[in-house]
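First the structure, in the form of structure tokens, and then the observations on it.
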Amino acid sequence: MSLKKILGIESSCDDSSVAIVNSNYKVESMFSTSQIKEHSVFKGVVPEIASRTHTKDLLTLVDLCLKQTKYLISDIDGIAVTSKPGLVGSLMVGTVTAKTLALVNDIPFLGVNHLEGHMLSPFLQDCTGNDKQLLSFPFLALIVSGGHSHIYCVKSLTDYKLIGKTLDDAAGEALDKFAQILGLGFPGGAELDKLAKNVESCNFKFPRPLSKEKSANLSFSGLKAAGSRLVLKLDKTELVKNKPYLAASYQKAVVDTLIQKLKIAQQETNLKHIVVSGGVSANSLLRSELKQWCKNKNLKLSIPAIKYCTDNAAMIALVGYLKMNENLFSNQYLSPVST
Ligand code: KG4
Ligand code: ZN
């Protein structure tokens with residue numbers, strides 16, 4: 001199959017996103033709406049609100065992408081949609097929208113795993129000419145987001161081996177929880193990052209979970225608990241005065257833990273190409289420490305441009321393009337409720 005333009009749809013959680021990606025992995029158009037405002041009142045994502053908002057937004061985003069590129073829906077060669085994992089209602093809205101568009105217009109359709117989308121997001125190109133990172137296998141992938149902290153050995157588009165994963169919470173969740181305790185917005189990872197910037201001393205002590213274990217598994221629940229215990233001990237004045245130091249110390253504990261486990265996985269697999277993606281890969285400390293480590297060890301590092309770190313449809317379209325082109329339609333009928 002030789003496809004040229006793929007329309008991607010992402011609605012697995014609280015971002016509605018549609019994109020058109022071409023055969024050069026280039027994002028010709030991407031429009032997204034964030035539901036942060038709707039959910040932040042509840043300090044977390046409310047599934048029912050998320051699905052209703054996707055229902056309202058997705059087709060408008062499809063229209064915007066077609067208008068911007070001046071394509072007709074009949075010009076689209078394939079439609080890819082996140083089919084799992086995620087909130088069932090939200091996934092349903094995306095998959096039903098994509099399947100309907102595909103069936104009515106007789107376009108090939110593919111369900112894409114959200115994690116595969118994150119994994120390949122560093123290789124997207126945009127019209128601003130972000131750094132070109134060439135896709136090559138094998139690589140060691142760390143996917144680090146609000147729901148996942150997983151390390152895979154990736155040998156091809158269809159050959160993944162799990163090397164390590166969080167035994168409890170994800171890194172993004174641990175960052176969001178601590179940001180919430182500090183009274184920052186939701187989700188708080190990016191705000192914590194901003195607050196910690198330019199802070200030299202990480203003078204608060206936080207644990208590096210599972211650091212004595214030789215496995216590449218991760219854990220963040222103990223760190224989360226340590227964070228809330230420490231903040232509870234501080235009075236209001238101390239808390240206000242120390243917020244940037246708390247943010248920097250906690251963020252450092254998360255980043256140290258991720259890098260330590262990635263190092264273990266790298267030694268175990270001896271892979272020389274490191275791919276780090278997912279919302280937390282936007283973190284400035286994680287990015288700079290990864291660059292330093294890879295430079296020292298002569299490893300190739302691929303990280304997404306900031307706008308492709310968090311959930312987006314371009315990464316889903318890219319996986320769709322790569323798989324459909326190789327006739328890999330095996331999971332096209334995946335239901336959002338299957339595991
Ligand atoms: O990949 P993503 O958009 O959604 C999931 O699939 O979970 O990741 C969202 C996560 C949130 O936990 C958010 O706080 C975190 O990514 N995040 C960050 C930064 N930007 C987003 N964490 C640390 N530093 C950032 N700059
Ligand atoms: Zn994600």
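Expressed as cubic angstrom per residue, what is the convex hull volume of the alpha carbon set of the chain?
Enclosed volume per residue, from the Cα hull, is 132 Å³.
Restricting attention to the alpha-carbon atoms of region 181-339, what are Rg (one decimal) and Dmax (integer), both in Å?
Over region 181-339's Cα set, Rg and Dmax evaluate to 18.8, 61 Å.
Gaussian network model of the chain, Cα springs within a sub-10 Å range: biggest mean-square fluctuation belongs to which of Leu246, Leu262, Leu232?
Leu232
Which distance in nm do the two modelled labels at Gln267 and Leu167 give, with both placed 7 Å along the Cα-to-Cβ direction?
Spacing of the two 7 Å Cα→Cβ label points: 1.9 nm.
Of all DSSP beta bridges in region 42-163, what percent run antiparallel (nearest 5)?
If we restrict to bridges inside region 42-163, about 65 percent are antiparallel.
Shape of region 114-221 from its Cα gyration tensor (a ≥ b ≥ c, root eigenvalues): rounded if a/c is under 1.5, otherwise prolate when a/b > b/c, or oblate?
Since a/c reaches 1.5 but b/c is at least a/b, the shape of region 114-221 is classed as oblate.
What pairs in Lys291/Lys323; Lys43/Lys205; Lys26/Lys307; Lys161/Lys261; Lys263/Lys295 have C-alpha atoms more than 25 Å from each other?
Exceeds cut-off: Lys291/Lys323; Lys43/Lys205.
Would you work out which of Leu258, Ser32, Gly278 lies farthest towards the positive end of the dipole of the chain? Charges go on Cβ: Lys and Arg +1, Asp and Glu -1.
Going by the Cα projections, it comes out as Leu258.
Size of the dipole of region 166-290 about the Cα centre, Lys and Arg at +1 and Asp and Glu at -1 on the beta carbon, nothing else charged, in debye to 20?
Using Cβ point charges on Lys, Arg, Asp and Glu, region 166-290 gives about 260 debye.
Using a simple spin-label model with points 7 Å from Cα along the Cα→Cβ vector, what separation in nm is obtained for Leu234 and Lys155?
For Leu234 paired with Lys155, the spin-label model returns 4.8 nm.
How far, in nm, would the chain grow between Asp126 and Lys4 when pulled straight, counting 0.36 nm per residue and subtracting the alpha carbon separation?
Gain in length upon complete extension: 42.3 nm.
Pop out the carbon and sulfur fraction of the accessible area of the chain as a percent, whole number, probe 1.4 Å.
The value for the chain is 54 percent carbon and sulfur by accessible area.
With only Lys, Arg, Asp and Glu charged, each at its Cβ (+1 for the first two, -1 for the last two), find how big the charge dipole of region 185-259 is about the Cα centre; round to the nearest 20 debye.
Once rounded to the nearest 20, the dipole reads 160 debye.
Find how much the distance from Ile306 to Lys197 grows on full extension, using 0.36 nm per residue of separation minus their present alpha carbon separation; answer in nm with one decimal.
37.6 nm is the gain from fully extending Ile306 to Lys197.
How much net charge surrounds Thr310 when only the other residues with a Cβ under 11 Å from the Cβ of Thr310 are counted, with Lys and Arg +1 and Asp and Glu -1?
Once positives and negatives cancel, what remains is -3.
In nm, give the distance between the simple-model label positions of Glu326 and Lys43, each being 7 Å from the Cα along the Cα-to-Cβ direction.
Going by the 7 Å Cα→Cβ label model, 4.5 nm.
Assigning unit charges at the beta carbon (Lys, Arg +1; Asp, Glu -1) and nothing else, what dipole magnitude in debye, to the nearest 20, does the chain show about its Cα centre?
1080
Which residue, chosen from Gly188, Ile316, Ala19, occupies the Cα position most advanced towards the positive end of the dipole of the chain, where the dipole is computed from +1 (Lys, Arg) and -1 (Asp, Glu) charges on Cβ about the Cα centre?
Final value for the positive-end residue is Gly188.
Rounding to the nearest 10 and keeping the result within 0 to 90°, find how far the Cα-based axis of helix 47-69 lies from the longest principal axis of the chain.
Approximately 60 degrees, to the nearest 10.
Report the one residue of Ala174, Val154, Pro207 whose Cα lies farthest in the direction of the positive end of the charge dipole of region 129-222 (charges on C-beta: Lys and Arg +1, Asp and Glu -1; origin at the Cα centre).
Farthest along the dipole direction, towards plus: Val154.
The values are calculated or read from the model by the stated rules, or taken from the named source; none is laboratory data. As the structure is a prediction and not an experimental result, all values here were calculated from the model. Cβ sites come from the backbone with ideal geometry, for glycine too, and all protein chains shown count toward neighbours. Heavy atoms of the whole protein, side chains included, go into the accessibility calculation; ligands, DNA and RNA do not. Shrake-Rupley method; radii C 1.70, N 1.55, O 1.52, S 1.80 Å.
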